[in-house]
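The values are calculated or read from the model by the stated rules, or taken from the named source; none is laboratory data. Remember, it's a predicted structure, so these values are computed and weren't measured experimentally. Using ideal geometry, Cβ is built from the backbone for each residue, glycine included, and neighbour counts are taken over all protein chains shown.
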Amino acid sequence: MLREIRRSGLFDPVYYLGAYPAIHPIYRKMPLRHYLLFGEARGYRPNPDFCPEAYLKYNPDIAEAGISPLYHFVTSGRDEGRPCKELPEIVDMPAPASPRLHADPDRQHAPYAVVAHIYYPDLWPEFERRLAGLEIEHDLHVTLTYRGEETEALAETIRARFPGTTVIPLQNRGRDMLPFVTLLSAGLLDGYRAVCKIHTKKSPHREDGDHWRDHLISGILPEQGLQELLDRFEAMPDAAFWVADGQHYTGRKWWGSNCGRTRDLLRRVEIDIDHDSLAFPAGSMYWVKPLMLGLLRAMHLREEDFEPESGQVDGTTAHALERCMGFLATASGQRVLQSTELAEAPPPPALPRPGHVSAFYLPQFHPIPENDAWWGKGFTEWRSVTAARPLYHGHTQPLLPADLGFYDLRLTEVMGEQAELARNAGIDAFCVYHYWFDGRRVLEAPLDRLLERPEIDFPFYLCWANESWRRNWDGLSGVVLLEQTYGEGFERALVESSLPYMRDPRYQRPDGTRPRFMIYRPEDMPDPASSVERMRKAWRAAGIGEVELGAVRFHIQGENPVADDLFDFWVEMPPHGLVTADDYLFGGPQGNLLGREVAPGFRGLVYDYVRVIDNAVSPAHTASLPPNTICGAMPGWDNTARRGLEAHMAHGAHPGRFDLWLRRIAEHRLAHSYRGELFLNAWNEWAEKAVLEPSDRYGRLCLEVLASRVLPNQRN
């Protein structure tokens with residue numbers, strides 16, 4: 001009997017010893033023997049999902065035969081599909097109308113929030129005493145499982161005891177997770193430095209259920225020293241969750257029947273799971289940082305994603321979400337900390353902040369005659385962006401704008417709004433593409449109109465985008481729509497085109513004296529060294545003086561190689577030069593490594609965003625760059641909107657991993673970057689999904705991540 005039960009894996013010694021701590025020390029070394037000799041007769045459970053008393057109750061033939069319930073279930077009952085746990089008594093609770101919640105983004109709020117879900121009203125007095133003693137400045141949000149007049153009375157009691165508290169009755173659905181997601185989706189948890197999630201928890205299968213609940217909550221809301229622990233938690237750049245001791249569960253044994261649903265939920269944010277690497281904050285009580293909340297919100301969970309309550313003990317969306325939390329942290333290079341670990345952790349080293357942050361800016365989003373002729377009347381890339389479709393399960397397309405909407409850059413006020421968002425995130429300047437084709441300008445209207453509006457604070461400088469426009473959008477192959485040529489004297493004419501902008505007080509001088517100008521493809525010029533010298537002379541002759549001249553480090557060598565010292569600086573522009581065949585998940589020599597089917601006819605490339613991060617901070621890559629290179633990062637890359645079935649994309653890009661990239665740059669690259677600068681690709685390349693602007697999926701999360709890593713006096 002011992003052998004069959006042990007081999008079945010249905011006896012969980014970790015669970016058993018935790019659930020029944022009063023077991024004599026002798027038997028703690030042989031818990032299965034204790035279960036068979038004593039525990040089963042006392043109704044102890046060998047795992048959370050098997051109740052021996054219920055097994056005998058619903059299978060009276062086994063009770064009459066006097067067979068061990070667990071042994072029978074292992075040898076035959078499981079295959080026969082016999083019920084092995086108490087079938088719940090379903091109480092028909094009244095369902096309130098689903099509230100339409102929307103938080104005022106400009107509301108005043110405390111540094112922290114505590115969210116409490118009350119399913120068991122009789123436990124409110126216990127929670128009241130604990131919440132009344134909190135020493136930190138916080139807002140309180142309470143959700144209640146609706147039970148009619150009883151709930152309404154409790155809501156009034158809570159509001160009277162804690163004025164200003166958000167109290168929301170909700171239907172009995174999704175356990176404690178759907179109420180939390182409801183607050184999160186409504187924006188009620190935005191803006192906090194950290195959020196604490198607790199809920200009434202009874203554990204009838206444990207002898208120490210009340211003690212366990214107290215342990216879970218006391219571990220994260222101690223009566224003394226809470227502010228000090230919170231300060232530690234906030235200061236640790238790789239801490240995502242803080243849980244009570246013993247509540248960081250690891251190992252496959254905790255999967256239950258939740259693996260498939262967990263996988264599907266996480267694919268909503270391009271996170272893939274490893275079945276063997278389960279680690280998560282158990283019990284759903286923890287402190288959590290904004291990044292994790294943002295990723296959870298990006299799953300776009302709705303009420304209908306959660307099953308109606310029927311007493312399930314496993315396999316629901318709520319159970320899967322509990323396990324998702326660990327993968328959100330791992331996928332962002334972060335971890336779950338237990339109380340003792342947090343208290344004993346040494347202070348983290350201070351990470352350097354960039355001296356200057358630039359972001360590439362596309363001035364494309366307005367109609368022009370050329371695009372009308374090539375792509376249809378009124379074309380802007382918004383048309384392509386909205387038409388993009390996912391090419392495999394978990395491909396997050398389309399990505400659409402949020403706060404700024406589908407803007408038209410002929411409306412100059414939009415540029416002011418963009419600049420305000422960028423400034424608050426720590427971006428010092430936009431590097432705006434300058435489309436100049438041997439005297440012919442295109443896409444010039446946004447900047448030209450900006451010059452007429454001196455009151456709009458839009459810090460910028462120019463990058464000459466000197467590559468031909470082609471029908472396949474890659475600048476390298478396909479039918480040429482607008483050719484880049486280099487006629488005699490083009491340097492002087494190019495400089496002349498830059499002068500109105502350089503004379504504008506908003507034109508940037510990152511080193512404090514010289515206006516900055518960049519060239520996208522210097523290798524395409526017939527004689528780069530001579531052209532650069534003629535450009536410098538032309539700027540001097542025009543009264544501009546010395547110009548800080550830079551160039552992009554492109555991934556393909558041009559026809560006319562350029563010496564590293566020709567420019568004052570180079571710019572690293574991911575994904576250029578950071579993707580190898582070893583990084584391909586689809587389209588490479590190893591075939592399809594995505595683990596799922598792709599759309600019929602897909603001929604593009606899918607590569608691993610995490611591998612790109614690794615490549616970017618590798619010593620070999622750093623050694624290959626000129627010493628005067630500005631290090632770069634990208635929030636994502638996916639040109640499905642432009643190239644459809646021939647798209648190239650970085651799979652697994654989300655704000656959590658963007659945060660990881662920025663952190664690793666601070667740790668490994670920033671000290672050696674030109675003037676300590678950081679360059680981002682890009683602010684608004686929507687058709688390439690290289691976007692920092694607020695999106696419908698991630699909101700402002702990329703900007704919040706950036707602010708936490710680049711602005712001084714910001715928490716990590």
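Couple of notes before you dig in:
- Looking across region 45-78, not a single residue is without any contact (Cβ under 8 Å) to a residue 12 or more places away in the chain and touching a strand residue (DSSP E or B) at 6+ places or on another chain (Cβ under 9 Å).
- Single match in Pro505, Pro510, Pro515, Pro528 (criterion: within 44 Å of the chain's Cα centre (by Cα) and loosely packed, with under 13 Cβ neighbours inside 10 Å): Pro505
- The set of residues from region 104-124 being assigned to a helix (DSSP H, G or I) and either out of contact with any Asp or Glu (no Cβ under 9 Å at 6 or more places or on another chain) or outside the structural domain of Met177 (by TED's automatic domain parsing) (or both) comprises Asp122, Leu123, Trp124.
- Yes/no for Leu229 being assigned to a helix (DSSP H, G or I) and in the same structural domain as Ala329 (by TED's automatic domain parsing): yes
- Any hit, region 471-479, residues being in contact with a helix residue (DSSP H, G or I) (Cβ under 8 Å, 6 or more places away or on another chain) and on the phi > 0 side of the Ramachandran plot: yes
- Residues of region 19-59 satisfying the condition of being closer than 19 Å to Lys202 by Cα and not in a helix (DSSP H, G or I): Tyr20, Pro21, Ala22, Gly43, Tyr44, Arg45, Pro46, Asn47, Pro48, Asp49, Phe50, Cys51
- Members of region 534-559 found to be assigned to a loop (DSSP other than H, G, I, E, B) and either surrounded by 13 or more Cβ atoms within 10 Å (Cβ to Cβ) or at pLDDT 95 or above (or both), listed by number: Ala542, Gly543, Ile544, Gly545, Glu546, Val547, Phe554, Gly558
- When the helices (runs of 4 or more DSSP H) confined to region 604-654 are screened for residues that are without any contact (Cβ under 8 Å) to a residue 60 or more places away in the chain and more than 24 Å from Gly333 (Cα to Cα), those reaching at least 1 such residues are found at 619-624.
- The set of residues from region 171-183 being among the hydrophobic types (A, V, I, L, M, F, W, C) and more than 18 Å from Gly311 (Cβ to Cβ) comprises Phe180, Val181, Leu183.
- Residue that is farthest from the chain's Cα centre (by Cα) [pool: residues in region 258-295 that are assigned to a helix (DSSP H, G or I) and within 20 Å of Gln247 (Cα to Cα)]: Gly283
- Within region 191-209, at least one residue is under 28 Å from Val142 (Cβ atoms), of a type outside the set (A, V, I, L, M, F, W, C), in a strand (DSSP E or B) and in contact (Cβ under 8 Å) with a residue 40 or more places away in the chain.
- Inter-residue pairs, beta-carbon under 8 Å, first more than 22 Å from Leu342 (Cα to Cα) and in region 232-260, second exposed (fewer than 15 other Cβ atoms within 10 Å of the Cβ) and not small (Gly, Ala, Ser), 6+ apart: Arg252/His275; Arg252/Asp276; Lys253/Val14; Trp255/His275; Gly256/Asp314; Ser257/Asp314; Asn258/Asp314; Cys259/His275
- Taking region 350-405 as the range and being touching a Lys or Arg at 6+ places or on another chain (Cβ under 6 Å) and over 30 Å from Gly587 (Cα atoms) as the test, the residues that pass are Gly355, His366.
- For region 64-83, the tally of residues that are crowded, with 16+ Cβ neighbours inside 10 Å and farther than 19 Å from Arg7 by Cα stands at 1.
- Qualifying residue in region 266-287 (condition: of a type outside the set (Ser, Thr, Tyr) and free of Cβ contacts under 8 Å to residues at least 24 places away in the same chain): yes
- The residue list Gly133, Gly148 contains one member that is farther than 25 Å from Asp210 by Cα, surrounded by fewer than 20 Cβ atoms within 10 Å (Cβ to Cβ), among the small types (Gly, Ala, Ser) and assigned by TED's automatic domain parsing to the domain that holds Phe233, which is Gly148.
- One residue alone among Leu499, Leu450, Leu494, Leu462 is assigned to a strand (DSSP E or B) and among the aliphatic types (A, V, I, L, M), and that residue is Leu462.
- Qualifying residue in region 366-376 (condition: within 22 Å of the chain's Cα centre (by Cα), exposed (fewer than 14 other Cβ atoms within 10 Å of the Cβ) and not in a helix (DSSP H, G or I)): no
- Exactly one residue out of Leu216, Leu170, Leu134 is aliphatic (A, V, I, L, M) and within 30 Å of Asp12 (Cα to Cα): that is Leu216.
- Exactly one residue among Gly376, Gly326, Gly315 is at pLDDT below 95, of a type outside the set (S, T, N, Q) and assigned by TED's automatic domain parsing to the domain that holds Asp176, and that residue is Gly315.
- Residue among Ala647, Ala633 that alone is among the aliphatic types (A, V, I, L, M) and within 19 Å of Val552 (Cβ to Cβ): Ala633
- The residues listed here are Ala563, Ala529, Ala541, Ala551; of these, the one that is without any contact (Cβ under 8 Å) to a residue 40 or more places away in the chain, within 26 Å of Ala650 (Cα to Cα) and not hydroxyl-bearing (Ser, Thr, Tyr) is Ala551.
- Odd one out for Val167, checked against (1) in contact (Cβ under 8 Å) with a residue 60 or more places away in the chain; (2) not in a helix (DSSP H, G or I): (1)
- Exclusive hit being assigned by TED's automatic domain parsing to the domain that holds Pro290, surrounded by 14 or more Cβ atoms within 10 Å (Cβ to Cβ) and touching a residue at least 60 places away in the same chain (Cβ under 8 Å), set Phe162, Phe127: Phe127
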